[in-house]
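First up is the structure itself, then whatever we jot down about it.
What follows draws every value from the coordinates through simple rules; no lab data is involved. Just so it is clear, the structure is predicted and the values come from calculations on it, not from any experiment. All Cβ positions, even for glycine, are placed from backbone atoms using ideal geometry, and neighbour counts span all protein chains on display.
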Amino acid sequence: MKRVKAACILQTLIFSQKPEMGYPKERAVKINHEEIERYKAALERAKTRYQIVSEEEQEDGSVVVRVKKQYSDKADVSEYFS
């Protein structure tokens, strides 16, 4: 019999605004960072264990975030977050 002992997901997310919205770069960057904060707050509310691996601002104002997050609350995933 096989079962999952521990698992996590490594996601690469891009936070960006549509060009047709016409935001200046500074405003787009601010909106993107606000959206990232809302995303983190949602993870906290859901009690999802996560770790931001990297957060990189691109030339166009978009922000690429790599996040490692717990896949299941049934398993001990501490080895992934050490």
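Worth a mention:
- Assigned charges on the beta-carbon of Lys, Arg, Asp, Glu; the chain dipole about Cα centre (debye): 640 debye
- In order along the range 43-60, the phi-based Karplus estimate (6.51 cos²θ - 1.76 cosθ + 1.60, θ = phi - 60°) of 3J(HN,Hα) comes to 5, 4, 4, 7, 6, 8, 6, 8, 9, 7, 7, 7, 9, 10, 7, 8, 4, 7 Hz; Gly and Pro are listed as x.
- In order along the range 4-14, the phi-based Karplus estimate (6.51 cos²θ - 1.76 cosθ + 1.60, θ = phi - 60°) of 3J(HN,Hα) comes to 7, 7, 7, 7, 9, 10, 10, 10, 10, 10, 10 Hz; Gly and Pro are listed as x.
- Dimensionless Rg ratio for the range 8-71, taking C-alpha atoms and the 2.2 N^0.38 Å reference: 1.18
- Checking every one of the GluC sites (Glu not before Pro) in the chain against DSSP loop status and a limit of 12 other Cβ atoms within 10 Å picks out E59.
- GNM result for the chain, Cα springs below 10 Å: residue of K30, K69, K18 fluctuating most strongly: K18
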